Each structure stands twice: as structure tokens, then as C-alpha cells.
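The values are calculated or read from the model by the stated rules, or taken from the named source; none is laboratory data. Keep in mind it's a predicted model, so treat the numbers as computed, not measured. Note that we place each Cβ from the backbone using ideal geometry, even for glycine, and neighbour counts take in every protein chain shown.
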Amino acid sequence: MTRRKPVADLIADNGQGSGGALRRTMGMWQLTMISIGATLGTGIFVVLGEAVPLAGPAVTLAFIIAGITALLSALSYAELAGMIPVAGSSYSYAYATIGELGAWVCGWCLLLEYGVSVAAVAVGWGQYVNELLQLVLGVALPEALSAPPGDGGLLNLPAAVVVVLAMVALLGGARESARINAIMVGIKTLTLVLFCAIAFSAVKAGNYSPLLPLGMGGVSAAAGKLFFSYIGFDAASTAGSEARNPQRDLPRAIMLSLGLVTVLYCLVALAAVGAMHWTHFDGTEAALSKVLGGTTGSVLLSAGAIVAVASVVLAVLYGQTRILFAMSRDGLVPELFSRVDPRTGVPRANTLVVSTFIAVLAAVVPLGELADATSIGTLFAFALVNVAVLVLRRRQPDLHRTFRTPLVPLTPVLGVLSCAWLMLSLGSATWLAFALWMAVGLLVYFGYGRGHSTLSQASPESDAMIR
């Protein structure tokens, strides 16, 4: 359970699966678009309306604070992604530093984060499609086909459809799906830029006063809520085995995507509270449409949200399959998940199985508070990445690092503490769901993963070196 996989072995195994290897086709631009695609989605379209009543006009400051919190972990991700440029993201980093059981726990958390979040986001996509149909055509999908059984319907067909569409794009190859994702990122970025242009033209200086109507306590509460708008910046690290120059490009893509998303978030927030008084937001999910007002604004934002959410489904589903690929390569899950199609260079069976499972989940399960469990899984994985930086700096200080986290150990320690603080702010239902998920994960590890691990086949001499 404590055996570690040396960094050299992780890199040597990089991208190798049964039947072939993942193909290195992505440059820094595609990697950056993957992270932006996974991050810039429902968060800005939904969470802004919930955060403004807490922070008032200072919601922009709350975005900055949340961005700095994300930056603490992003710096650690950048160092490890450049040093261990392999598929698997924080799962692989934990395997090299904390040990096999810690890596399994991290990977299991990522499966929760990616799998449930894709299903939850797909459900949101269906809601936006329905809203756009009502605005443009005056019709709506029947409830039987737009809601799961627990919510009065038979199945959420649009939610399943968007997952299937993302699956088709991924099966075409990493390069092709990266191009589709880049187009969608461009569309949703343009949508938010147009929103800013329209909203800034209606800004009233008086809407920014008083800046802190509820004090810094309100800003802090808003920042805790807004942090989850940044989840996804680590998606580029799952593409380590398909990047052409991962040591150079992965750290740059992670930092660049976080910077661009933060700037866009702050501009949108500044424009929104300037164009509409903060007391009018009242927690509404359609805050941006309300700011623009009228049918035209609502159609613009609904169309942009559809593209934004589809892009998140595509990018996060991609990350999910690559994490499972890495775990399968190490023997912790069945070999099926690391079979690479020799024609497309894609883990085809992996993609089909994962997409089918998530499509069914999105179509028939009312996710409710279970979706909040994705946050705790993400934060736990972030904390382990910060710990991994500290461990490798101590054990292997001479390893080549293309990016170095500044102010070590202060920065990683602050990263761990900030993740712990946000985890403790989550409700008891989220912790219960997390505990049940981890219990299932430990049963799977001890029942299958521990005995099938590739490291379990090592000779006593090599096993001693691994430990």
C-alpha cells in the first residue's frame, strides 16, 4: 500500500497501453483550450447570481480571492505536470510520492469529480436547451423526456444526448476533439465578451457604492462559493501523454488558462454589478440574462451557455478517460480501460464504457446534492498535489523541473490549508456522500487493485527499491 512508482518509471510507461500508445498531437494552444473548456462553463452563468447577494459590488474582489486560492494549487500542478508529464494528473503524482493507496484514493476522488460533474453539467445543458427552445420557438420539450424519474419525468434525453455527442467527438481522436473544443471555447468566450461590451455601456457609477455593503465577511463567503467556478483548470495535466512538448507546454497551459479565466470572470462581474444594482440579483441563476434584459439578451446568453456547457462535458469527459487509462496501465482497474485503438490512438473501449455510464446517470438519476460531492473530491485531490510537491522537493531535490513553485514550502502549505478550509465549509450531506464513495473505493482496491497492481509483480529486490 505504501509502494511508490518511481518518476522515471512513470515517464517510461508514459502513454503506453495495451494495443498501442496514446499519440502526441497537442501543442500549448490545444492544452490551454482543454483547461479553459473544462473551467469556463456553468460556473460564470450560474454562480455569479448566487455570489453577488453575499459580496455586493465587491464580488469582483471575491473572484480575485477565489482565483488566488486556485493559484496556490495551480502552481503545484504546474511544477508536477512539467516534471511528470504523463496521463493521470494528480493520481500519477500521488503514485510517485505518497504511495499506491494514496494514489488510489486520489484517482477514486478524481473519478467522482469528473464522472458526477459531467452528469450534473449535462443535466444543466438540457435545461438551457429547453430555455432556448421556449425563447425562440415558444415550445418546450415534454417533461417526460426532459426530467429524470425522481423529478416527474421518464428520462432526461438532452442530458444523455450531449454526453453521446461528446463521446463521438472523442472517438475521432485527440487532435480532432481538441479542435472542436477550441471552437466551442472561442464561441463561449466571445459570448461573454459581448456581454461585457453591452453591460459596460449601461454602467451606472452609483451601482458600485457602497463597495462593501456586507463587509469582508460577505466577500469571504462569496469567494468560497466562487472557488468552484475555477474547478477544471487542471484538465490539461490529464493530457500529459498526448502533448508534443509536455515539459514545456503543460505548466504554461495551466497558468495561462487560469489567468485568462480569472480576467474574464472579473470583467463579467464588474460589468454585471455596474449595469444592475447588486440588490436586484437575489440569487437568481439567470443573472446574466437579467442584466441584459429582454428576449435578445436571454437568447444570446442561453445560446452561449449551451456551447459553454457542451465544451465542459467534452473536456471533462476527456480527462475522465485519461485518468482511468493511467489507473488501468498500472493494473489498479481492468486492462480494458488502457486498450488503445491502433487507428485513432484513442482508448476506445474506455471512452465507450465511461460515456455510456455517464449518459445513463445523467438521464435517469436526479443528482441533487450528490453533485456537491464533486467539490470535495476535487479539493482532496488538490491538497494531495500540494503535498506531492513538498515530498518530491525533499526526496528528489535534483530532479529536472521546467517550472518551480515559488516560496516552497509556504505556497504548497497554504494550498493544503486553503483546500482544507473549503472542504470543512461543505455540508454534512456532502461529507456523507464522500465517505460512502471512499468506502466503495477501498473495497475495490483491496478486492481487485492491490492484487493486480503492476508493482505487485515486482521482485523482492525491486520492490524494496520501489518502497
What about ALA271, is it surrounded by 24 or more Cβ atoms within 10 Å (Cβ to Cβ), among the small types (Gly, Ala, Ser) and in contact (Cβ under 8 Å) with a residue 12 or more places away in the chain?
no
Going through VAL261, VAL268 one at a time, which residue ends up being over 20 Å from the mean Cα position of the chain (by Cα) and either in a helix (DSSP H, G or I) or at pLDDT 95 or above (or both)?
VAL268
Determine whether GLU79 is among the charged types (D, E, K, R) and surrounded by 23 or more Cβ atoms within 10 Å (Cβ to Cβ).
yes
When you scan region 330-338, do you find a residue that is of a type outside the set (Val, Ile, Thr), crowded, with 19+ Cβ neighbours inside 10 Å and either within 25 Å of ILE36 (Cβ to Cβ) or without any contact (Cβ under 8 Å) to a residue 60 or more places away in the chain (or both), even just one?
yes
Quick count over region 96-119, residues being at pLDDT 85 or above, on the phi < 0 side of the Ramachandran plot and either more than 24 Å from the chain's Cα centre (by Cα) or not hydrophobic (A, V, I, L, M, F, W, C) (or both), is 4
Find the residue count for region 120-165, including only residues that are at pLDDT 80 or above and within 30 Å of LEU443 (Cβ to Cβ).
6
The lone condition LEU226 fails out of (1) crowded, with 24+ Cβ neighbours inside 10 Å; (2) without any contact (Cβ under 8 Å) to a residue 40 or more places away in the chain is (2)
Just need a number here: residues in region 68-89 that are assigned to a helix (DSSP H, G or I), under 16 Å from ALA253 (Cα atoms) and of a type outside the set (D, E, K, R).
13
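Conditions (1) in contact (Cβ under 8 Å) with a residue 40 or more places away in the chain; (2) surrounded by 19 or more Cβ atoms within 10 Å (Cβ to Cβ); (3) part of a helix (DSSP H, G or I), marked per residue:
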site	(1), (2), (3)
LEU154	no, no, no
GLU176	no, no, yes
ASN181	yes, yes, yes
LEU194	yes, no, yes
LEU211	yes, no, no
Output the residues belonging to region 33-45 that are buried (at least 24 other Cβ atoms within 10 Å of the Cβ) and either modelled with pLDDT of 85 or more or in contact with a Ser or Thr (Cβ under 8 Å, 6 or more places away or on another chain) (or both).
MET33, ILE34, SER35, ILE36, GLY37, ALA38, THR39, LEU40, GLY41, ILE44
If you check every pair at least six apart or on different chains, which have Cβ atoms under 8 Å apart with a residue in region 84-97 that is in contact (Cβ under 8 Å) with a residue 12 or more places away in the chain and farther than 22 Å from ASN350 by Cα first and a residue that is of a type in the set (Val, Ile, Thr) and outside any helix (DSSP H, G or I) second?
ALA96/ILE84
Failed item, numbered, when PRO6 is tested on (1) over 24 Å from TYR114 (Cα atoms); (2) at pLDDT 90 or above; (3) not small (Gly, Ala, Ser)
(2)
Exactly one of these conditions fails for SER289: (1) touching a residue at least 40 places away in the same chain (Cβ under 8 Å); (2) buried (at least 21 other Cβ atoms within 10 Å of the Cβ). Give me its number.
(1)
Residue hits (region 396-417; part of a loop (DSSP other than H, G, I, E, B) and of a type in the set (Ser, Thr, Tyr)) are THR402, THR405
State which residue pairs qualify: first residue part of a helix (DSSP H, G or I) and inside region 425-437, second residue of a type in the set (D, E, K, R) in any location, beta carbons under 7 Å apart, and separation of 6 or more residues or different chains.
ALA429/GLU369; THR430/GLU369; THR430/ASP372
Residues of region 307-366 satisfying the condition of being within 24 Å of GLU131 (Cα to Cα), β-branched (Val, Ile, Thr) and outside any helix (DSSP H, G or I)
VAL365
Answer yes or no: is there a residue in region 320-329 that is in contact (Cβ under 8 Å) with a residue 40 or more places away in the chain, within 16 Å of LEU111 (Cβ to Cβ) and among the charged types (D, E, K, R).
yes
